[in-house]
Structures are given as C-alpha cells and as structure tokens.
Amino acid sequence: MVYSVSDLRLPCSPSVYSFSQSSFNASRRSSSFSLLLKKDLFSRKIFAQKSSYDSDSSPLTVASKKVLVPDDQGEGASSLTDELESPSTISDDPQVIHDVESEEMEDDTKIEVEEQESAPKELSTPLKRKISTEKSEAKPRTIPPPGIGQKIYEIDPSLLDFRQHLDYRYAQYKRMREEIDKYEGGLEVFSRGYEKLGFIGSEMGITYREWAPGAKSAALIGDFNNWNPNADIMNRNEFGVWEIFLPNNADGSPAIPHGSRVKIRMETPSGIKDSIPAWIKFSVQAPGEIPYNGIYYDPPEEEKYVFKHPRPQRPKSLRIYESHVGMSSPEPMINTYANFRDDVLPRIKRLGYNAVQIMAIQEHSYYASFGHASNNVLDGLNMFDGTDGHYFHTGSRGHHSVWDSRLFNYGSWEVLRYLLSNARWWLEEYKFDGYRFDGVTSMMYIHHGLQVGFTGNYNEYFGYATDVDAVVYLMLVNDMIHGLYPEAVTIGEDVSGMPTFCIPVQDGGVGFDYRLHMAIADKWIEILKKRDEDWKMGEIVHTLTNRRWMEKCVAYAESHDQALVGDKTIAFWLMDKDMYEFMALDRPSTALIDRGIALHKMIRLVTMGLGGEGYLNFMGNEFGHPEWIDFPRGDQRLPNGVVIPGNGYSYDKCRRRFDLGDADYLRYRGMQEFDQAMQHVEEKYGFMTSEHTYISRKDEKDRVIVFERGNLVFVFNFHWNNSYFDYRVGCAKPGKYKIVLDSDDPLFGGFGRLDHNAEYFSFEGWFDDRPRSFMVYAPNRTAVVYALVEDEPKVVNDLELVEIPETVKPAAAEPVKESEPDEESEPLDS
C-alpha cells in the first residue's frame, strides 16, 4: 500500500528495508528528506538531510550498504548497444575531442546520439554512444552556463588577497562544466546517470551496467537464474564498464521479476565477492540475516504513485522542524511513515513550522547512523571492485580516522556522475525540495577540520589544506540543483566559516542557500555551564550575529546532536532531574524549574530573533523533551579492540514523548505553547528576513538585550532577580507599539506580570543611538516582543481621535550615520 500526504508519498515499513523509488509498497522504509508546509495543506516536501552514505556530505550520496538508482521506466539506452565509457581520470589539459550531434524525431520516436570522434583513453569518453530516450517534458530543463565568478570580490574585498586561489577554484569549476558539456552533453544529462548505469528496462528486455574497472570478471546473479554465476556473464569494455542484456521471456515477461533478489559476482584483486549493484533502487536485510540483498525494482504501472500537486515555492523565512521518522512515536518502537503522516505532520503544521527536515531517509546497516560512507566491504561501495581506490581516495586520504568511514575521490569522473545523479534522483523521483549537507567541513579540507581551531583568518580557508576537488563538486551540485529546481533549498553544515559558502556559484561562491550556524548551540552549552551572574550579554549577541554579510544562516539553539545519548538538551541542562518530579501543575514548582522554563523560552527566542535568516528545532525540544535519544544497539567492537557497550537493543529511548507537550496538567505544555506562538509571530511579521536589524542595547549591569528586526522591538531581561519599571528602550519608527509575544504569559508557564492591553507610545529624542524610544516594564527572566501598530489613530479621550504625526528631528542635531529615518543598512552589531 502506498500512502500519500498531499503531494508526498510516505511508505509504511519495518526497519529492515531501505531505499526505493516513488512507487513502492508499504513494506519499505526510506530516509532523509523534508517537506514544506503550506497554509492550505498540512504537508509539503522540502529537503533531505544526509543521504546515509557520503562520509562528508551525506545528502548527495547513497548509503554504502544500500545504494540506489531510480528506475527510468523504459527510458534510456537499454534497447540499444551502448559502448558506455566514462572518464575515471581527468586530463589537466584536455583536448577538444568531438562534437555531439543529435537528431530529434517525432514525439514517440527515440533520440539517437552518436559520438563523431574518439577521445583519448585517459578521458574515458565514449567512442560510440547511442542514447535512446523518450520525450517526457514539453519544455526541457536546462542549467545556465557558468558566470564570470567575480562578484565575490565586490561583496568581500578582503578576498582580493586570495584571488589566485579563488580564481583557480572557479577555473576548475568552469573546466569541469566545459568537459561535461563536451563529453556528456551537459550537466543536465550527466546528472541522469541512472538512465545509463544500473538496471534499465525497455520493451525488449533489461540492460544492466556497472562501472567496476578493477574487476577481472563479472556475472549477474539472483533468484531469476538460481544464483548461477555461469548463467549470465557480463562483458567489459575498455573503460571498465560491465554490461549484460537480458531479453524478455518468451511470454513477454521480464527476465528478472519485480521484487526478486539480485547481486553482481565479481572476480577481483581481493578475491571473489558478491556485491549489491551500486545503482540499485532498493535493498533489504532479511530477518535473521546479516548481509543485505539488492532488489530488482520495476513495479507495474498501476502500482506506481502519481504525484498530485506541483512543487511548492520556497518560503521566504525558513522554519525547520528537524525530525526522524523511526523515533517519532511516543511508544518505544520503530515508527512508520503512515503514523508520521497521521500524527506528526499535523503537529508540525499546528506549531507553525513551514519545513520538515527528515533525517536518515536512506537506511543504514547501523540503524543509529544518519549517514557517512560506510567502510563495509560486504554490502557497500568500499572495495566494490576489489580495489581501495574505486570510489574513494586510496591510502590514508581515503579513510576518516574519527568516523571510521571512507572518503570519496571528488576528482573522479565516475564518482561525480554517481553523486550528482544521486542528488538529482531524489529530487526527481520523490520530488524532494532540497537537501541539508552534513559534514561539509570534513569535505572541504584535507585535514577534515580535525584538531583545527578556525579563527576566521582567511589563510585557513584558501591554501593547500583546501580540497579543491571537493569544493568544485559542491559548486557543481549546487549549480545542478538550483539550475533544474529553482525553488529547491540547499543548506550546508560548515563549522569553519568558509567565506563565499552561501554566495551563488555564478558569482564565485560555493552556492549554498544557507549555512547552519553551528557555533550558537556550542555557545549555549558553554554558557549554561556558568552561573547566571557570569552570563555576558555582549558575548551572546556577538555569537548570534557573527556571520558573513550577504550569506544566510539557519540558527538553532540545539539540534539532534544535543539530544543524543551522552549529551544533554538545553532543558536538561537547566532543570536536570527536577524534570522528573516537579513538572506537574498540581504540585509546587521549584526554583530550578521556574528558572529553567523561563530561560528555555528566552534562549530559543533570542536565537531565532538574532541568529539568522532561518531557524531549526529538533522534534520534541520545543517543549523541553526530558529524555535523550538512544537507538537500539548491541555492543560495538572497534578495530583497536575497545568495546563500546550497547543498550541490549532497547527501544525505550528511541521515541519522542509528544504526549508530554500536549498534557494540560504538565508544565511542558507551556513551553510548547510558547514555541508555537514564536513561530506564528515570525510567520506574521517575517522578522528573520527583514532587512532592518539594529542592536541598541547590550547592558551587562542590567542584563538586558534590546534589538529591532523590521518593525518589531525585542526586549530581553536575563537578570535573575531584578525587574525594571519604566525601562526606556530605543526604537526607529514613531507611533504606538503593542505586545505581540510575552514569555511571561501564564499560557506559556509564566507569571503574568504584563498587561497585554497596554499601549506604548514612542517619543522623540535620541536614546541608545535610536531617534526615538518608549517606556516598558521588563520583568526578570522575561522576553517581550513589541510590534509597531502602523496607521492606527492615537486615542486622546473618549470623544477625540488624533493621527500621530511623524515628526523628524532637525537635521543639524542628527548624526550623519542616522540622517535617513528609514535607513536599514545598520550593522547587526554596531
């Protein structure tokens, strides 16, 4: 059975299953994407996080144990003989080898493309390639050509000192684009490798191709031929691509039944091995078995899901609900997609989030893994053709010493085809709306960021430690994603602060839409270990605003990392064991609980208010989930002999207790209500993406932070004891202000010390470098947001209404910097 949520299909499945394509049965489990939530529909897709396979970038690669390729449903070159050869190495000074000519025929005819000239062997381009495709779209999508890559120097003149490195990087990117155009027909075609490799069905039969240059012989085995290694021997071309064509049976049925098990048997330099095809769509670990099996997946047309809705537009403000389907049940169990659809998606919509990031879509042999290229030789890509350097770097450069995983060779032509095609396939087949790339810092530097403290010195980013091949790959994949899917979102997890990371590729940048502002969560943990008296307002503001101009960030106070076993969430840092005894409303609270609930709300709001142009929350943390995450796991023995104890495969902590946040008799409810109100205030006012941001106060004595975003004024009083009457706060615009969010509201577990019917009128006069100000009451440990009530008359008495004049201070009395009343170019932290 296939489940659909508006335009998203969610499969219900046990944990043993892994990736598949959009037309699959209920017994399957996929992982790692997210959805966009529209106002009129409670569910929409948005982007995948990591793709369980790349040790560095996850979203764009396939889990090493369960690699996949989408079914092209009869398209491609399967019915013709393809001499498919592709470069495994790239010449530094490539020659123009050939021109590709194509002849377009009638709509139902096939397009045949032939190479006119031969390429040198080191380029591995096809000597003769015939591609059979059918028109699927009236208007073909194209990826714009590269730009000149020079705008980065206008955005950040400091980069001019590193122009040699940056221009070289961009030249390498342009060279790759040109070679892909020349030898593959363009990035749009190159990123559809799943139409050339793997299993490709046609009216005549099934073609299977595999790139395995290190193999000495290869045969396709499976249920269809009783696993006979002598029945279906594959042929190898001079470029290491193995191929076999299986004609249909006499009755017209396919030679390989849908849903049957398949593997490739290879004689390799490391011996005989049976492997799951690298481009397989679906693989499964049968109950009681250790190895996985590849599954030939080609269901009949009537079983394939048909999407019902167009792709959603990307939201201006990105409010992300980070989630994991398997642990999303309140019960200790592996949850299903159907339950997630029915129980969790409506909750996310109600809370006010507009994007869902779902981790671990692609199932991994180790259930607790959210990704990385496994070093598993039996089921994964590691040593796939018996050689160490097939998909990965050889030697120590190909192994991550901390993650115990493999590292891709991003300079390999076929690796690029594989990774780009994987990114393209999920966007095409499942209609994902983007990706979050994990571990990008590990990709971009040969040292992987290990034992390196980035200080912001530009020499740390542009030198011999930078893996230019990996950065060029990131530029290519962002180019491909944004070129073919303009509404798609890409987010990169980079802790180094690489300049140009979120600048478009055509301008010379790496091309991500957002960077995860990872320093914020680390800073909060550091602060939470201190006494209240030692919290520094300037330090909080600096961390939240320390980001690059014109490069957007996704801010978060905590994510899944802090919720994992061995770490502590913000709520647990604040309230510790008191959470287990004093969260019921029918019994007295404690000082620790009162403090914890108040600061939990303030930390999240100030992070959202100042930390970036997007916001992320991990499921359950919105109400201070009291338990950590611990996946069912057994003992793990490391290569050095050290044994990491497991938890007896317990599911007790593999869940999210949403019932706690919903219970009106528990204090968790107030924190959840506040988070919901916070999201809806951002939806209404769009403060995260407002161009106007000004920090007017960071008072270390009062423990007060005041800042403006758009027409909102945020006032935070972090003092543990002092409340302030008639406290003056600066503002930019004249008029009447009202409270739109109050963390002290009883609905949010507060003490109700503010009158929400009160009106606050600005008066002229410079204060905190602002042209106007108004007076407020600022209770201790409280955050309040005031909104300008525009175009509303001021009530003088019961009979008279007078419009508020916009008075302007005489120019002579104004500082030059503030001479324009509508100026919105103030620095984040002035």
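The values are calculated or read from the model by the stated rules, or taken from the named source; none is laboratory data. This is a predicted model, so every value here is computed, not measured. Cβ atoms come from the backbone with ideal geometry, glycine included; neighbour counts cover every protein chain shown. Just the protein is used for accessible areas: all its heavy atoms, side chains included, with ligands, DNA and RNA removed. Shrake-Rupley method; radii C 1.70, N 1.55, O 1.52, S 1.80 Å.
Fully extending the segment from SER650 to ALA250, taken as 0.36 nm per residue of separation minus the present Cα-Cα distance, adds 138.9 nm. Once the convex hull of all Cα atoms in the range 383-432 is built, its volume per residue stands at 96 Å³. Annotation for the range 293-402: trypsin sites (Lys or Arg not before Pro) lying in DSSP loop with at most 15 further Cβ atoms inside 10 Å of their Cβ are LYS304, LYS308, LYS316. The Cα trace of the range 517-689 gives Rg and Dmax of 17.7, 56 Å, the first to one decimal, the second as a whole number. Rolling a 1.4 Å probe over the protein heavy atoms gives the range 406-538 an accessible area of 26 Å² per residue.
Between THR590 and ASP578, 0.36 nm times their residue separation minus their Cα-Cα distance comes to what?
Numbers: separation 12, 0.36 × 12 = 4.32 nm, distance 0.79 nm.
Extra length available between THR590 and ASP578 comes to 3.5 nm.
Which FRET efficiency, nearest 0.05, do SER690 and SER270 yield, Cβ-Cβ r, R0 56 Å? My answer for the efficiency is 0.45.
Based on the Cβ-Cβ distance from ARG753 to LYS316, what FRET efficiency comes out when R0 is 35 Å, to the nearest 0.05?
Working: r = 34 Å, r/R0 = 0.97.
My answer for the efficiency is 0.55.
Each residue, ASP388 and ASP664, gets one label point 7 Å from its Cα in the Cβ direction; the gap between the two is 6.6 nm. Taking θ as phi - 60° and the Karplus parameters 6.51, -1.76 and 1.60, the scalar couplings of the range 206-211 work out to 10, 9, 10, 10, 9, 8 Hz in sequence order, x denoting glycine and proline. Taking label positions 7 Å along the Cα-Cβ direction at both ASP223 and SER260, the computed distance is 0.8 nm, reported to one decimal. The protection proxy used here, the mean number of other Cβ atoms lying within 10 Å of each residue, ranks peptides 677-683, 721-727, 704-710 as follows, highest first: 704-710, 677-683, 721-727.
A simple spin-label model places pseudo-atoms 7 Å from Cα toward Cβ; at THR142 and GLU289 they are separated by 4.8 nm.
Which of the chymotrypsin sites (Phe, Trp or Tyr not before Pro) found in the range 558-654 are loop residues per DSSP with 13 or fewer other Cβ atoms within 10 Å of their Cβ? Working shown, then result.
Working: sites: PHE572, TRP573, TYR580, PHE582, TYR615, PHE618, PHE623, TRP628, TYR649, TYR651; in loops: PHE582, TRP628, TYR649, TYR651.
The qualifying sites are TYR649.
Here's how it looks for LEU666: its modeled amide H is under 5 Å from those of LEU585, which are all 5 or more places away or on a different chain. Here the Kirkwood formula puts the hydrodynamic radius of the range 167-273 at 15.9 Å, using every distinct Cα pair.
Here the Karplus relation 6.51 cos²θ - 1.76 cosθ + 1.60, evaluated at θ = phi - 60°, turns the backbone of the range 574-586 into coupling constants of 7, 10, 6, 5, 4, 4, 7, 10, 10, 9, 7, 6, 8 Hz, with x for every Gly and Pro. The simple Förster model, with R0 at 25 Å and r as the Cβ-Cβ distance, assigns LEU378 and ILE446 a FRET efficiency of 0.30.
Mind checking the range 453-535 for trypsin sites (Lys or Arg not before Pro) that DSSP puts in a loop (not H, G, I, E or B) and that have at most 16 other Cβ atoms within 10 Å?
Sparse-neighbourhood loop trypsin sites (Lys or Arg not before Pro): LYS529, LYS530, ARG531.
Would you grab the residues whose amide H sits under 5 Å from the one on PHE767? Only those 5+ places off in sequence or on another chain, please, with H modelled 1.01 Å from N. Here the answer is ARG772, since their amide H atoms fall under 5 Å of that of PHE767.
For the pair TRP720 and TRP549 in one chain, pulling the backbone fully straight at 0.36 nm per residue adds 58.2 nm over the alpha carbon distance. Placing unit charges on the Cβ atoms of the charged side chains and taking the dipole of the range 691-796 about its Cα centre, the candidate lying farthest along the positive direction among ALA758, ILE705, TYR777 is ILE705.
Close amide H partners of GLY646, meaning residues 5 or more places away or on another chain with modelled amide H under 5 Å apart, are ASP635, GLN636.
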